[in-house]
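Below: one structure, written as structure tokens.
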Amino acid sequence: MVTAASPVQRKGASVWDALQDVKDPEIPALSVVELGVVRSVDVTTDRVHVELLPTFLGCPALEMMRDAIRERLAGFAPEVHVEISYAEPWTSDRITDDGRRKLRESGFAPPMAGGGVAALPIALVPAAPCPFCGSRRTLLENAFGPTQCRAIHYCTDCRQPFEQFKAV
Amino acid sequence: MTEVTTARSALRTRPGRAGDLDPVDSTTLDGRTRDALAELLLTMADDEFVVGFWDSEWTGIAPALEQDVAFSSLAQDEIGHARVFYELLSRLAGGDADTIAFGRQPQGYRHARLLDHPRTDWAFSVARRYLYDTADAVRLEALAGGSFMPLANLVAKIRREETYHLAHLDAWVGRLAGGGEQPRSRLEGALERLWTDALTVFTPLTGDAESVLVEAGILGEPLALLAERWLKLTRGRFDALGLHVPIELGVPRADGRSGHGADFEWLWNEFTSVYRLEPGATW
């Protein structure tokens, strides 16, 4: 059954569309929606409220994302409110399928499914598939990479170092 | 998103900060509980803040590039954890997170004495971080699922990040323990020197603060019991690695979070140097 969307519903949908324009400053191939950091969008006639989940608590990109969201949504309502929320932990499982595909296309291995995998001893964590040749004969070089959310791996087949978005 | 709307509290409208942070509904806490929680939060925030700054001392000079990156990342995580604890504290007890973090004199900090030592050598930094991370993990476990949601939510997030710290430091302790005579003796020496100070992470809170928090369902067990659990865990790990560390079951001393020495004063001078140029400056 198709029902006509109310103006507020239509505005809500276009806010989500607009958020696709706001990119992760550290991995610009991904939007904040694809990264899964937008927990909710609440639209009324005079106000837009967005809940933003931090990937890591010390992430320096958080304020940049918040400001970019405010700026992008400025035309939607007189009041745009971006709340940094801890109401649930962001986990890497929140990255969308499109987000995972874009990570691969940018040379990143997506995080393995099940953010809780990080609780396994490092030796038991399955090898990250190489984003360049698909091989699973890869080694974890460093669980800590250039940003908090990235780990460094090495592919023993195509001999390329690569990064993986960490499973948390 | 009705539940989002109804969760809003009056604190949302705090002048100048609206939209920056999750609201905290502290109206569910009575005065005693709020004071006890504020004390606990300050100790945890200061622990994370100070260990983060010591870690950052390795940026650029760690023994291997990968370790340089790793310790810098650990530092960034810990300072991030300190920030959310200071922010929550400021919402419970008033004040501003930056002012609490940078605006006190050295003797006003409530971090554990374990974190007063300078970085010293690599084995010493690994040993100290291992002792701190394992103790912190026991403390976080006791706070997980607590009744005060703003803290329980932060703890759930922090524990996911700390999993990486624990795995990393455990691997390094194992590597030094099995790395031949020199790494092993340096590690054992550091553990021996730091051992008694490690218990300061479990320094009792003042008065009846701990029982207030336990009664309120915020803290699972009193800190002295957490100390016992931690001793058991670490002793088991050292035994498994064949490390000779003279461990006696001690009791956390009451003054374990005061009387910070000259090494901390040096660090404090470093990490407050920009803040002190113009306190309250807007960046």
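The values are calculated or read from the model by the stated rules, or taken from the named source; none is laboratory data. These figures come from a predicted structure and were not determined experimentally. All Cβ positions, even for glycine, are placed from backbone atoms using ideal geometry, and neighbour counts span all protein chains on display. To get the accessible areas, we keep the full protein, side chains included, count just its heavy atoms, and leave off ligands, DNA and RNA. Shrake-Rupley method; radii C 1.70, N 1.55, O 1.52, S 1.80 Å.
Quick one: Cα centre-to-centre distance for the range B:72-86 and the range B:154-193, in angstrom? First find each Cα centre; the distance between them is then 19 Å. Mean residue ellipticity at 222 nm, helices only, chain B: -20500 deg cm²/dmol; runs of at least 4 DSSP H residues each add -39,500 (n - 2.57), and the sum is divided by the number of residues.
Accessible surface for the protein assembly as shown, divided over its residues, is 43 Å² per residue with a 1.4 Å probe. For B:A38, neighbours were defined as the other residues whose beta-carbon sits under 12 Å from its Cβ, and their charges (Lys and Arg +1, Asp and Glu -1) total +2. Annotation: average projected area of the range B:30-273 is 12.3 square nanometres, based on the convex hull of Cα atoms across all directions. Interface size, chains A and B: roughly 3100 Å² of accessible area buried, both sides included, 1.4 Å probe, rounded to the nearest 100. Looking at the range A:7-84 alone, DSSP beta bridges between its own residues are antiparallel in about 55 percent of cases.
The GNM of chain A, with springs linking C-alpha atoms under 10 angstrom apart, assigns the highest mean-square fluctuation among A:R136, A:R94, A:R70 to A:R136.
Counted over the protein assembly as shown, the DSSP beta bridges are approximately 65% antiparallel. Between B:A262, B:A38, B:A144, the Gaussian network model of chain B with springs among Cα atoms under 10 angstrom shows the greatest mean-square fluctuation at B:A262. Taking the 1.4 Å solvent-accessible surface of the protein assembly as shown as the whole, the part contributed by carbon and sulfur is 55%. Here's the list of lysines a cross-link from A:K102 could span, going by alpha-carbon distance under 28 Å and ignoring same-chain residues fewer than 8 apart: A:K11, A:K23, A:K166, B:K157.
The local environment of A:T44, defined by Cβ-Cβ distances under 12 Å, has a net charge of -1 under the rule Lys, Arg +1 and Asp, Glu -1.
Size of the range A:7-84: Rg and Dmax of its alpha carbons, in Å, are 11.8, 38.
Summing charges over all other residues whose Cβ lies under 12 Å from the Cβ of B:T59, with Lys and Arg as +1 and Asp and Glu as -1, gives -2.
Largest GNM mean-square fluctuation among A:D46, A:D24, A:D93, using chain A with Cα springs under 10 Å: A:D46.
Membrane-span-like helices in chain A, defined here as complete DSSP H runs extending at least 15 Å along the helix axis by their C-alpha atoms with mean Kyte-Doolittle hydropathy no lower than -1.0, are A:7-19, A:61-73; this is a sequence and geometry rule, not a statement about a membrane.
In terms of accessible area, using a 1.4 Å probe and ignoring ligands and nucleic acids, B:M149, B:M44 rank largest first as B:M149, B:M44. For the range B:260-272, putting each phi into the Karplus relation 6.51 cos²θ - 1.76 cosθ + 1.60 with θ = phi - 60° gives couplings of 5, x, 5, 5, 5, 4, 5, 4, 4, 4, 5, 6, 9 Hz, in residue order, rounded to whole numbers and with x for Gly and Pro. For the protein assembly as shown, the alpha-carbon coordinates run over 74, 62, 45 Å along the three principal axes, in decreasing order.
Using every pair of distinct Cα positions in the range B:63-201, the Kirkwood expression returns a hydrodynamic radius of 16.5 angstrom.
Per residue, the average separation of C-alpha pairs within less than 8 Å and at least 6 apart gives chain B a relative contact order of 22 percent. Taking the protein assembly as shown as a whole, the Cys residues whose C-beta sits 4.7 Å or farther from every other Cys C-beta are A:C59, A:C149.
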